[in-house]
Amino acid sequence: MRYGILFLLLISARTMAQDEHTCICAEVKIADSLLAQNDTAAALHHFEDVDRLYPIEGLSSGACLKIGKIYLAQGRRQDAARIWRKGLITSSRASCPYEVSIADHYYQYSLAKPNIAFQLSELFKDSPDSMYKYTLWADTVYCTPFNCGNAWEDYHALISPRVAMMYLERGDTTKALDRLCMSLLFNVGVAKKLKPLLLLRYDQKTINRELRKCMYHPQKLHDKDDHISYSIFGYEILFTYDEDRKGTRVYMRRNKSIVFLKAPVS
């Protein structure tokens, strides 16, 4: 019932729209409403209508991201690659209304393009050069090294293991360690990549001792009011801090990534 009412409201918005931005926004919201009702075919039809009817403004990067995932689920790899590549060059104005209006569906509007580049790197796993190119784009061209917010933390937890593997394949263990340490606290998957690298250089007892030092000696970052920096074996860990420093330390000790690294010594 709720989706039905929303769908009717969106249809009305499309009918009354006076400009392309509003039309595109309404079409994409209709498509999202249809996806919420598991009507993938109808949703894809609306997305493709926008792509066809508004060739100048085109789809937002966020919409391209979603369409590509639908194509990929249908086994249409070439169509997925085509729409994702289009998503990397469309909606260059981050503040455009139809991009911002669907931001909540794609973490942040500013994360749509890095996510597309990451999806392309996944799509071209069988082509090392293409995979490397899109991984690099996902990590640098469309993405700052670090930013605040849960969405950015989730993104870096996703991309960091891939970037680390890219460095390892080129024999640069130092850069791989640096990248994994930076996003260590965000995801156990990052810790699982980091631990074997650390064990190549240090024993478990040394790792545990370094983690204890790390947790009790944070440094506040002057250029980021709500972040503190920890250091493990000389590599930086960034973290959004709690005003209660004691509470932050307690959280650090219980963080699943830290617990994973800090295994008992037999």
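The values are calculated or read from the model by the stated rules, or taken from the named source; none is laboratory data. The shown structure was predicted, so the numbers you read here are calculated from the model rather than taken from an experiment. Cβ: placed from backbone, ideal geometry, glycine included. Neighbour counts: every protein chain shown.
Right, ASP172: without any contact (Cβ under 8 Å) to a residue 60 or more places away in the chain and loosely packed, with under 15 Cβ neighbours inside 10 Å or not? Taking the combined requirement at face value, the residue satisfies it.
Okay, residues lined up against (1) modelled with pLDDT of 90 or more; (2) crowded, with 16+ Cβ neighbours inside 10 Å; (3) part of a loop (DSSP other than H, G, I, E, B):
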{"site": "GLU99", "(1), (2), (3)": "no, yes, no"}
{"site": "SER110", "(1), (2), (3)": "no, yes, no"}
{"site": "MET131", "(1), (2), (3)": "yes, yes, no"}
{"site": "TYR134", "(1), (2), (3)": "yes, yes, no"}
{"site": "THR144", "(1), (2), (3)": "no, no, yes"}
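Each row is one residue, and each column tells you yes or no for (1) surrounded by fewer than 17 Cβ atoms within 10 Å (Cβ to Cβ); (2) at pLDDT 85 or above; (3) within 13 Å of the chain's Cα centre (by Cα); (4) under 30 Å from ILE228 (Cα atoms).
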site: ALA81; (1), (2), (3), (4): no, yes, no, no
site: TRP84; (1), (2), (3), (4): no, yes, no, no
site: PRO128; (1), (2), (3), (4): yes, yes, no, no
site: GLY149; (1), (2), (3), (4): yes, no, yes, yes
site: ALA157; (1), (2), (3), (4): no, no, yes, yes
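Looking at segment 196-215, which of its residues are surrounded by fewer than 15 Cβ atoms within 10 Å (Cβ to Cβ) and among the hydrophobic types (A, V, I, L, M, F, W, C)? Once the filter is applied, which keeps residues that are surrounded by fewer than 15 Cβ atoms within 10 Å (Cβ to Cβ) and among the hydrophobic types (A, V, I, L, M, F, W, C), segment 196-215 yields LEU199, LEU200.
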